[in-house]
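Undergrad: Take this structure first; my questions come after.
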Amino acid sequence: MYPEEFLYTRDHEWVRVDGNTATVGITDHAQKELGDIVFVDLPAVGTHVAAKESLGTVESVKAVADVFAPLTGEVISLNPKVQSAPEIVNTDPHGEGWLVQLRVRDRNETEGLMTTEEYEKYLKGEGGH
Amino acid sequence: MSRLENRRYTKGAVWVNIELHLRARALTLSRGVCYVCRGRRVRGLRVYIVPSSGEGPWHLRQRTQPGFSNLGVSLATPAEITLKRTALFDAHRQAGARMVNFAGWAMPVEYTGIVEEHLAVRTRAGLFDVSHMGEIEARGPKALAALQHLTCNDVARLALNQAQYSALMYPQGSAVDDCVIHRLGEDRFFICVNAANTQKDYEYVLANNPFPATSDVEIRDVSEGYSQLALQGPAAVVILAQVTAPDPATLKTYWCRAASCCGVDGLLARTGYSGEDGFEFYFPPAESLTVWNGLLEAGRPHGLIPAGLGARNTLRLEAAYPLYGNELDEETTLLEANLGWISKLDKGEFIGKASLAEQKQKGVRKKLVGFEMIERGIARDGYPVRINGKLCGRVSSGSFAPYLKKSIGLAYIPPEQAAPGQEMQIEIRGKLAGARQTTLPFYRRAKNDHDKDAKTQKR
């Protein structure tokens, strides 16, 4: 279910770190919690964000959820598909539904993130669905 | 995130979504405005409180309540409070519904998804459990006179088996609640009211009954005696006809009668809250599963699916039907809410008539308008509305509209600025996005043969 190569936050974002580039999305659990996603708002390319700061919002019909930056860095690209067809965040949250890519400043920050095993355990502990 | 597990409850009427608030506080730091509490504080803590008398997670609103000492400490966990359940609670869970606290009831907000359920109702049919709705009965020789005094529409115009959209009135011309009154006999009326308001309505009706010392009118809260299912959508009549007698096709819009559905006797009304053709069936709760399963089975070949309160809200918003707590409250007159059409100032005396008559002459203080977003963004309940940069009102209901596929909303603004085409800005969590006023409703279904036959309908 949750890809082994990802790291996860307690706020249900995933991140895949590849060199200095981090691809960020929301987890399958998060998209299920939100329901039908109809709008995605992302920061402009070039924006600098600190870890745990807002990295935009994902909105379903009934709720608004913030996406928080898992790592500190600069936004280097946005997924154009999620802006025109936000429902792909529901259908493929760990793949086609990625949100942004960051140029990471400090790779050591990943130490504060959860591994797949830890995240799955975290979901169970939350009384997950 | 609307996880029940993240909520903490007060003993009475509210829950606090702690996770959402914490997420919002992080946003506060980055943008300067907490869109959750919008800067309000309750005893030093910024919180987002949703009254259970409010409308569920998509109606997040701020409200300060008295008695909030030790907030976050003395609040109960979900396991410690008991939400009321309809007779179909287990059926909803089995159908995969996500359950939420709605007005103190555990209700399905969605099954397969709000968008799919919304589209099913617009194009085929959806089945809603609305058993949380309240029912109040008024009977006796003075029942008609009592309701004429308490409500704004002209109850005397109701023929036997006819139904009418109306409102219980405050003296200031605002609604205690909006309701549908069914005339079941010369001296017998059956009133469907909002779940969140049932107790308040019942007490208000008792307290303001103009014939309290006589037995000429008997008023009873009969809510526990009824389940209510709403079958809505263009295929509703065909589906219902398979399992219902007499033939529902011969029932006109806003008429009702005794009927047997799936072998269960009850009251069938051709009413609804979706903007589509549809029916509402009131019957004994013990028979709920029989009717629920019977209708779903009869409807399966027609694409009928169960639909939750999420779709119910987006459907009513596209149809621009008011929701009590959003468009209607103690402070808002019927004229301001575009409900002049149910305010029958010529019917004789009723509570609030003088205020409405005066306002009709002098003009309203605010007006309900519809708008659609012309820039990216979704307007949501409570967001500020600006015209030429000046704060002039708030969004009363706002959402992405699944059938119209755009972001729409209703807002109260100064009457002089109400005009279709007028551009406005909606303040979406600190950022302004353009919107334009439209005519209402946003969505109106195409008329069919049934409607042409039913031209004589009165609401």
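The values are calculated or read from the model by the stated rules, or taken from the named source; none is laboratory data. The shown structure was predicted, so the numbers you read here are calculated from the model rather than taken from an experiment. Methodologically, a virtual Cβ is constructed for each residue, glycine included, from the backbone with ideal geometry; neighbour enumeration extends over all protein chains shown.
Undergrad: Which of the residues spanning segment B:95-137 are acidic (Asp, Glu), within 14 Å of chain A (Cβ to nearest Cβ) and surrounded by 23 or more Cβ atoms within 10 Å (Cβ to Cβ)?
TA: Matches in segment B:95-137: B:110, B:117.
Undergrad: Now for a different question. Would you mind stating whether residue B:330 is outside any helix (DSSP H, G or I), exposed (fewer than 15 other Cβ atoms within 10 Å of the Cβ), in the same structural domain as residue B:392 (by TED's automatic domain parsing) and in contact (Cβ under 8 Å) with a residue 40 or more places away in the chain?
TA: no
Undergrad: Quick check on segment B:186-193. Is at least one of its residues closer than 29 Å to residue B:107 by Cα and surrounded by fewer than 17 Cβ atoms within 10 Å (Cβ to Cβ)?
TA: So far as segment B:186-193 goes, no, none of its residues is closer than 29 Å to residue B:107 by Cα and surrounded by fewer than 17 Cβ atoms within 10 Å (Cβ to Cβ).
Undergrad: A further question on this structure: Look at residue B:125 and say whether it is small (Gly, Ala, Ser) and assigned by TED's automatic domain parsing to the domain that holds residue B:310.
TA: Yes, satisfied.
Undergrad: Checking residue B:377 against (1) in the same structural domain as residue B:118 (by TED's automatic domain parsing); (2) small (Gly, Ala, Ser); (3) not in a helix (DSSP H, G or I), which single condition isn't satisfied?
TA: (1)
Undergrad: Looking only at segment B:128-154, count how many residues are touching a residue at least 60 places away in the same chain (Cβ under 8 Å) and not in a strand (DSSP E or B).
TA: Count: 16.
Undergrad: Specify which of the listed residues (B:205, B:180) is in contact with a strand residue (DSSP E or B) (Cβ under 6 Å, 6 or more places away or on another chain) and over 30 Å from residue B:443 (Cα atoms).
TA: When all the criteria are applied, what remains is B:205.
Undergrad: Inside segment B:292-317, can you point out the residues that are touching an Asp or Glu at 6+ places or on another chain (Cβ under 6 Å) and either surrounded by fewer than 24 Cβ atoms within 10 Å (Cβ to Cβ) or farther than 25 Å from residue B:399 by Cα (or both)?
TA: Of everything in segment B:292-317, nothing turns out to be touching an Asp or Glu at 6+ places or on another chain (Cβ under 6 Å) and either surrounded by fewer than 24 Cβ atoms within 10 Å (Cβ to Cβ) or farther than 25 Å from residue B:399 by Cα (or both).
Undergrad: In segment B:274-303, which residues are among the hydroxyl-bearing types (Ser, Thr, Tyr) and in contact (Cβ under 8 Å) with a residue 60 or more places away in the chain?
TA: B:274, B:282, B:288
Undergrad: From B:199, B:232, B:228, which residue is closer than 26 Å to residue B:129 by Cα and surrounded by fewer than 19 Cβ atoms within 10 Å (Cβ to Cβ)?
TA: B:199
Undergrad: Take residue B:384 and decide whether it is surrounded by fewer than 21 Cβ atoms within 10 Å (Cβ to Cβ), touching an Asp or Glu at 6+ places or on another chain (Cβ under 7 Å) and touching a residue at least 40 places away in the same chain (Cβ under 8 Å).
TA: Answer is yes for this residue.
Undergrad: Examine segment B:389-396 for a residue that is buried (at least 21 other Cβ atoms within 10 Å of the Cβ) and within 14 Å of chain A (Cβ to nearest Cβ), and state whether such a residue exists.
TA: Yes, segment B:389-396 contains a residue that is buried (at least 21 other Cβ atoms within 10 Å of the Cβ) and within 14 Å of chain A (Cβ to nearest Cβ).
Undergrad: Going through B:362, B:405 one at a time, which residue ends up being exposed (fewer than 14 other Cβ atoms within 10 Å of the Cβ) and within 14 Å of chain A (Cβ to nearest Cβ)?
TA: B:405
Undergrad: Give the residue, chosen from B:218, B:203, that is without any contact (Cβ under 8 Å) to a residue 24 or more places away in the chain and over 30 Å from residue B:293 (Cα atoms).
TA: Only one candidate passes the filter, namely B:203.
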